[in-house]
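First comes the structure, then the notes that go with it.
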Amino acid sequence: MASQIPEEHIRHCMLFEFRKGSNATVATKNICNVYSSALDVRKCQRWFFKFRSGNFDLSDSYRSGRPTTLDNDILRAEVEANPCQTIEELSNTLNQPWSTIQEHLQQIGKISRAGVWVPHNLSEENKANRSIACNVLLQRHHTEPFFYRLFTEDEKWVLYDNPKRKKQWLFPNESPRSTAKPGLHPKKALLCVWWSICGIVHFEVLKPVQTVNADLYCEQLDRVNQSLIEKYPAIVNRKGVILQHDNARPHCARRTLEKINELGWEVLPRPPYSSDIAPSDFHLFRSLHFLSGKKFENLDDVKNAISRYFTQKPIDFYRSGIENLHTRWQKVVDNEGDYIID
């Protein structure tokens, strides 16, 4: 029956639903309740996108057969409804040759870029928790600035062998020199670092066979506390230390919580799946590109290289990493809890 309904009539029905204030999903359902299978949501979305731009021309739109021109509004709506479509898929959907699709994508300013990896597919609950936590932290920062009391901790694996694939000048038929990739189980050590607005407080590079558990973490916290007493006695004795770390199991273990309470520290809330608001992830570890091309013979070499690097960084580097926190909290709130894409 749907094929007997004039296309122009269906367009008038869509415009009627648009004027009523229906969204594309509701409009499609209402129209299909009268004319079964006469319309699909994607098509209705394309037309609604066109209507919202102020174009209500119903006669020069999607027609049977291959149109001689492509409506940029319809192409834009199709791409924005699903940005992952290939040119082939767009060509089939819009009944246009590849060359036309490419030309009109350029006209509407669309370019092809790879997607961005994120740590986790955030649920609505995850987003809400992130947004609420960041909003609370922002309010606290505005009423009681506390960055000078904040110390943040995180871990990162460091490879002994960090090959760098370099570009080479070659003749047209000359084969490039090969560079071996690290094996599936490369030799590596775990870097654990605590730092603040004033620089590195304490760091350790664990032996290759070591991993962090609650017992080791508590021992590390004692060493960090000793370093804090030596470097920042006023904060330890009067102001109070604020620790920011993630929700890894050793950090949340009962023994760890007892140790933190014994030291008299406060733990700054940090929602799960939130590396984009962890200073080590978005700032400190990103700077470790100096490791590229480095090869270390033993653990001491790794420790010495990292120590030299941390020492050479100016105080402004560490300050900017911590002070950028409130800007990123605001971005999470503005994004309604979604990830910050750098």
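The values are calculated or read from the model by the stated rules, or taken from the named source; none is laboratory data. For clarity, every value in this text was computed on a predicted model and none was experimentally measured. Using ideal geometry, Cβ is built from the backbone for each residue, glycine included, and neighbour counts are taken over all protein chains shown. We work out accessible area using only protein heavy atoms, side chains counted, and drop any ligands, DNA or RNA first. Shrake-Rupley method; radii C 1.70, N 1.55, O 1.52, S 1.80 Å.
So here's what we get for this one:
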quantity: Extension gain from Glu8 to Leu288, taking 0.36 nm per residue of separation minus the Cα-Cα distance; calculated: 94.7 nm
quantity: Top of Pro250, Pro172, Pro272 by mean-square fluctuation, Gaussian network on the chain, Cα under 10 Å; calculated: Pro172
quantity: At 0.692 mPa s and 37 °C, Stokes diffusion of the chain via Kirkwood alpha-carbon radius, µm² per second; calculated: 130 µm²/s
quantity: The range 199-338: C-alpha gyration tensor shape, a/c 1.5 cut-off, then a/b vs b/c; calculated: rounded
quantity: Rounded to the nearest 10 Å², the accessible area of Glu204 at probe 1.4 Å; calculated: 30 Å²
quantity: Candidate aspartates and glutamates - alpha carbon under 12 Å from Lys259, same-chain residues fewer than 8 apart omitted; calculated: Asp215, Glu219, Asp222
quantity: Over 21 Å between alpha carbons, listed pairs Lys207/Lys294; Lys50/Lys331; Lys167/Lys294; Lys20/Lys50; calculated: Lys50/Lys331
quantity: Three principal axis lengths of the range 279-330 [C-alpha, angstrom, descending]; calculated: 44, 18, 15
quantity: Rounded accessible area per residue of the chain, 1.4 Å, Å²; calculated: 60 Å²
quantity: Eligible aspartates and glutamates near Lys166 by straight Cα distance, threshold 19 Å, same-chain separation 8 or greater; calculated: Glu174
quantity: GNM result for the chain, Cα springs below 10 Å: residue of Thr211, Thr152, Thr256 fluctuating most strongly; calculated: Thr211
quantity: Accessible surface of the chain [probe 1.4 Å, protein heavy atoms]: carbon and sulfur percent; calculated: 49 percent
quantity: Structure-based [θ]222 nm, the chain - -39500 (n - 2.57) summed over DSSP H runs of at least 4, per residue, nearest 500; calculated: -13500 deg cm²/dmol
quantity: Within the chain, percent of DSSP bridges classed antiparallel, to nearest 5; calculated: 75 percent
quantity: FRET E, pair Lys331, Asn72, Förster distance 30 Å, beta-carbon r, rounded to 0.05; calculated: 0.45
quantity: The range 128-167: translational diffusion in µm²/s, Stokes-Einstein, Kirkwood Rh over Cα pairs, 4 °C, 1.567 mPa s; calculated: 92 µm²/s
quantity: Of Ala234, Ala189, Ala81, the one that fluctuates the most in a GNM where the chain has Cα springs shorter than 10 Å; calculated: Ala81
